[in-house]
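The structure appears right after this line, and notes come after that.
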Amino acid sequence: MAVKLGQMAPAEPQVLLATFEIARQTMDHTMLNMMVAAPDSAEMHMMMAGELAREGDPGKAVGQYREAIRLNPALPGVHFELAELMRTSVDPAMSAQAEAEYRAALKMNAWDALAWRQLGGIMNSKGDFKAAEEAYRKALALQPDDAETKTGLAIVLISTNGTDEALGLLESALKTDPTNMIAHFRLSSLYRRAGRAADASREMEAFRHYQELKDKMSKVFKGRSALVKQP
Amino acid sequence: MVGLALALGGLCLLAQNSKPSPASAREPGPLPQLIDITSSTRIRFNHHASPDKKYLVESMSGGVALIDYDRDGWPDVYFTNAPDVDMQLAGKKARSALFHNNRDRTFTEVTDKAGVAHPCWANGAVVGDYNNDGWPDLLVTCFGGVVMYRNNGDGVFVDVTREAGLAGDTMWAMGAAFGDYDGDGFEDLFVSHYAAYELHDLPAFGSMVNCVYHTIKVQCGPAGLEGSPDSLYHNNGDGTYTDVSKEAGVEDTKNLLGLTAVWSDLDNDGKLELFVANDGAQNYLYRSEGKGHFREIGFEADVALAENGNALANMGVALGDYLHNGLPSIAITHFSEQYLQVLRNDGGLRFTDVSNTSNIARATKHVVGWGDAFYDFDNDGWLDLIAVNGHVYPQVDEAKIGVSYREPGQLFLNLRDGTFRDVSSQVGPALKVPRVGRGLAIGDLFNDGVQEVVAENLEGQPVIFRPEGGARNHWISLELAGAGDKLALNARVKITAGELVQTDEVRSSGSYLSQSDLRLHFGLAAHRRADKLEIFWPSGARETLTGLDADHAYCIGEGAGVVPCGAIRPTRILVR
C-alpha cells in the first residue's frame, strides 16, 4: 500500500508522511510477527542485526549476522548486509573483513551487481586497480545504466590514466543521474585538465549547487536529531 | 672547492616536470630505527590535559617550535601548553617551555630566563624575524589572539604584541606563518583563526547531535560551530603590522575553521602562494595577483576538497618535493574515516590527489592525524613522510568500537616511483607506541647530519625520535641569510648530486601548530659532494655554487656564497 501511495502522489508531503508512517508501522509489526513465528530463525537474527546496526551497535550486529549465517549459510542478502556494515566500520579489524563478505555474497549470487560495485570500491581503496576495474565492469555489465558504477569505474580509470574512457563514463553517469555530485566534481577536474574551461566551470557550478543542497539537508536533519536528543 | 656564480634578476624557474624523475625501484635495505631519545636529552615537559576533554578547545593545543634563539647554530626547542576550561575560568595558567641546546645532546630549560612561560592559552608557535634584526622571534597562536615575542638577542624574549600592532587579534588563533608576500624584505604575518568560541557559553558535553561520535557522547564540535575570519598583517618595516586582510582578499569571508597556514612558492614563479587548511571545509589556496592582492583558487587547483568532492578535516600540512619534480607537493593530515591526503604538484598550480595511488590513503584511514612532515629519515635523497596521530575523544576507549584514543605514529618510505610503503613497523618500537600526538617538527638537533623528529603530545611528555643505523648516507645542511629578509624565508634551493636533483624551500610554519628547523637539510645518499647548488633568493636573485663537500653544514649569505656562519648571524648580546 505504501508503495502504491508513493507512486500515486510522489511529491505530496501528506501522502509521503503517511507512506513513511505505514512503512514504519509495517516494520514494527513484521518484526513482532517474526518474533512470534520464528524467534530462532536465521531471518530473525538477520532482522535483529539490522536493528542493532541502525542503533549504532556494530559489534552486536555482527554477532547476529554471524548467527544468521550459521543457521542458514544461504540466507539471501545476509553476506551483503554484513559486508556493508563492516565496510563503514571505524574499527580497522572489522572493516578489513568487508571484502570477504562481499565475495561470499557473490559466491551465492554472481549476478549481484551491487556487491560487484561495492567490491570494486574496496579494491580501489586497496590500490588494486586491476581487480577494482574488473569488479566494476562486471557490475556495469549487469546494470549498464547504474550511474554510481560508472562513476566508480571512472575513478579507477583516472588513477590508471584511462581518462578518455573515464570522461565518457562520467558524462554518461550524469545523463542517468544529474544529481551525482562525485561525477560532477570529477568531470570538472577532467575538463579543466583537458583545457575545457567553460565545461569545467559548468560542472563545478553543478557540483556546488548539489553540495549546497546537501549541506542544507544535512543541517535540517541534524537539527531535527538535536531536538529529539535534547532532554 | 666552491665555485660561485651570481646572476641577479634571473627568473626563478625550476624544472616543472610533473612526473617523477626516472629512478630505480627501491631495493629494500636495512632501515634506520627511530629511537626514542627523549630521556637522554633531559627534556622534561608535560602538556596539561583535562581527563575528559569535555570541550573541543581542550583537544587542540600542542605545538612545538625548533628555534635557534641564540644563533649558536644549534636548534633549541619550544613547547606550547594550554590550560583546560575550568583552569582558564579560574585564572590559572599552563606553562609553556623553552629548552636550550647544550651542544652535547642534552638540553637545559631556560623558560623563565627567556620569559616565555605563559604567553597565553598557547596552541602553536612559529618562527620568523619580524624586525629583521637577524634574531629569530617567536609567534605564539592563542585561544584569544597571538603573542609576538621579540628575541632581544640576549637570551630574553619580550612580549611586543601590543607595540607590533597585533593586540587587536582576539580570536581563536591556530595557524600562523611569516612570509614576505610583497617582497619588501620584511616578513608579513598570516594568522588563521578557528571557531568563534566563548568560554562562558560552551555547548554541553554530549548535548547535541554534533556532540556524538558513533553513539558515544563526546565534546561538541567542530561540526556545527561557526568559524572566524583569518588575518593578514603587513609588516610596515618599523616593527609594526597593519591588518590588510580585506584589501588582500584573504580574510575568509566564509568564516571557515582555519588551522595550518603556509606560505610557499608553489609554482616557482618567484611569488608566494598561501595555503590554508580549513577543518571540515574546503582548503584555500591564494595566488598572488600583485599589488598586495590575492585570488582564491583552491577549487581550480584541485586542493580544496578530497578527490570525491568531500570536505575533509584538514589539519597538519607538509610540503616537500618528494617526486623530485622541482615542485613542493602537499600532504594534509585528517580525521579518521578520512585519509592523509597527498596532493601531487603537477606544476602551474595544478594538483592531483594521489593519496590512493601513492598507497597513503588506506594506511591512514583509521587514525586521526596531526603533525606531519616530508622527512628524509635515511638521508637517501628522497623525502619520506611521517605523521603523528591521536584521537580527539578519550571516551572512545570505553566504547569498544575498535578505535583508541592513543594512536601510533606512522612513517612512509618513499619508493621513488611516486608511491610510499608503510614502514612504521620496521623502524623499531618507539614510533608504534600509542600517543595522543599533536605537533611535530624536524631538525638536526645535534648537528651530526641526522635529523631528529620532535613531537609534542596533547597528554604527557613530548617525544624525540632519532634515526639510528641503516645505510651511512651523506648529507648537506644549509643556513641561508637573505640580503633583505635575514632569515631568507621562502628562499628556494635546487641541489644536484650525481643523479639526485632535489629542491626545498625555507619555510615558517607547517606541520600542525609547529615549526621545523629553518636550515635546509638534504640527504645525498652515497654522494660525497653536491655538484651544484642553485639558490633562488626571495629578492629575485639567483646564485649558483658548485662542488660542496658532503657531511658539512654551510652558511650562505645572499650574494656572498659560503661564508663563516658568524658573518650571517647577529652578534650575540651578552648584556643588554
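The values are calculated or read from the model by the stated rules, or taken from the named source; none is laboratory data. Note that this is a predicted model, so its numbers are computed, not measured. Here the Cβ positions follow ideal geometry from the backbone for every residue, glycine too, while neighbour counts run over all protein chains shown. Accessible surface is based on the protein model in full, side chains and every heavy atom, while ligands, DNA and RNA are left aside. Shrake-Rupley method; radii C 1.70, N 1.55, O 1.52, S 1.80 Å.
Return yes when A:S159 is buried (at least 16 other Cβ atoms within 10 Å of the Cβ), touching a residue at least 12 places away in the same chain (Cβ under 8 Å) and within 14 Å of another protein chain (Cβ to nearest Cβ) and no when it is not. Judged against the criteria, A:S159 is a match. If we scan the range B:217-227, do we find a residue that is part of a strand (DSSP E or B) and in contact (Cβ under 8 Å) with a residue 60 or more places away in the chain? Within the range B:217-227, one or more residues are part of a strand (DSSP E or B) and in contact (Cβ under 8 Å) with a residue 60 or more places away in the chain. In summary, helices (runs of 4 or more DSSP H) completely within the range A:43-151 and bearing 3 or more residues that are touching a helix residue (DSSP H, G or I) at 6+ places or on another chain (Cβ under 8 Å) and within 12 Å of chain B (Cβ to nearest Cβ) occur at A:58-71, A:113-125. The one condition from (1) open to solvent by 20 Å² or more (accessible area, probe 1.4 Å); (2) under 21 Å from B:K494 (Cα atoms); (3) more than 14 Å from chain A (Cβ to nearest Cβ) that B:D417 does not meet is (3).
The condition of being open to solvent by 10 Å² or more (accessible area, probe 1.4 Å), touching an Asp or Glu at 6+ places or on another chain (Cβ under 8 Å) and not aromatic (F, W, Y) does not hold for B:R162. Among the residues of the range A:189-200, those identified as within 8 Å of chain B (Cβ to nearest Cβ) and open to solvent by less than 60 Å² (accessible area, probe 1.4 Å) are A:S189, A:R192.
Can you give me the number of residues within the range B:512-534 that are open to solvent by 10 Å² or more (accessible area, probe 1.4 Å) and within 17 Å of the chain's Cα centre (by Cα)? Number satisfying all stated conditions: 6. Only one entry of B:G270, B:G249, B:G224 meets the criterion of being farther than 15 Å from B:G290 by Cα and over 20 Å from the mean Cα position of the chain (by Cα), and that entry is B:G224. Across the range B:82-108, the qualifying residues are those that are loosely packed, with under 14 Cβ neighbours inside 10 Å and acidic (D, E), and the one among them that is nearest to B:D68 (Cα to Cα) is B:D104.
If you scan the range B:402-414, which residues turn out to be open to solvent by 30 Å² or more (accessible area, probe 1.4 Å) and more than 19 Å from B:M315 (Cβ to Cβ)? B:G402, the sole residue that qualifies. Filtering the range B:531-576 to residues that are assigned to a loop (DSSP other than H, G, I, E, B), farther than 17 Å from B:G482 by Cα and among the small types (G, A, S) leaves only B:A550. Using the structure shown, decide if B:T352 is closer than 29 Å to A:G152 by Cα and open to solvent by 10 Å² or more (accessible area, probe 1.4 Å). Criteria met by B:T352. Exactly one residue among B:G280, B:G309 is within 14 Å of chain A (Cβ to nearest Cβ) and out of contact with any strand residue (DSSP E or B) (no Cβ under 9 Å at 6 or more places or on another chain), and that residue is B:G309.
Can you pull out the residues in the range B:392-422 that are part of a strand (DSSP E or B) and of a type in the set (A, V, I, L, M, F, W, C)?
Step one: list which residues in the range B:392-422 are part of a strand (DSSP E or B), which gives B:407, B:410-414, B:420-422.
Hits for the range B:392-422 are B:L411, B:F412, B:L413, B:F420.
Do you know which of the residues in the range B:422-446 that are surrounded by fewer than 24 Cβ atoms within 10 Å (Cβ to Cβ) and among the aliphatic types (A, V, I, L, M) is farthest from B:A361 (Cα to Cα)? Taking the candidates together, the pick is B:A430. Among the residues making up the range B:466-498, a single one is charged (D, E, K, R), touching a Ser or Thr at 6+ places or on another chain (Cβ under 8 Å) and open to solvent by 20 Å² or more (accessible area, probe 1.4 Å): B:K494. You will find that of B:E398, B:E337, the residue that is within 11 Å of chain A (Cβ to nearest Cβ) and of a type in the set (D, E) is B:E337 and no other. B:A313 meets each of the listed conditions (1) over 24 Å from B:N473 (Cα atoms); (2) under 19 Å from the mean Cα position of the chain (by Cα); (3) buried (at least 24 other Cβ atoms within 10 Å of the Cβ) apart from (3). On the stretch given as the range B:447-465, residues that are out of contact with any helix residue (DSSP H, G or I) (no Cβ under 9 Å at 6 or more places or on another chain), open to solvent by 10 Å² or more (accessible area, probe 1.4 Å) and farther than 16 Å from B:N389 by Cβ total 4. None of B:D485, B:D531 is touching a residue at least 12 places away in the same chain (Cβ under 8 Å) and under 30 Å from B:N123 (Cα atoms) except B:D485.
For the range B:339-353, which positions are over 21 Å from the mean Cα position of the chain (by Cα) and in a loop (DSSP other than H, G, I, E, B)?
Across the range B:339-353, the qualifying residue is only B:G348.
For the range A:44-57, a residue qualifies if it is of a type outside the set (D, E) and open to solvent by 40 Å² or more (accessible area, probe 1.4 Å), and the qualifying residues are A:M47, A:M48, A:R54. Taking the range A:164-175 only, how many residues are surrounded by 16 or more Cβ atoms within 10 Å (Cβ to Cβ) and farther than 14 Å from A:Y136 by Cβ? Total meeting the criteria: 3. The residues in the range B:186-217 that are open to solvent by less than 10 Å² (accessible area, probe 1.4 Å) and away from every other protein chain (no Cβ under 13 Å) can be counted, and the count is 9. Considering B:V342, B:V367, the condition of being within 24 Å of B:L34 (Cα to Cα) and within 10 Å of another protein chain (Cβ to nearest Cβ) is satisfied by B:V367 alone.
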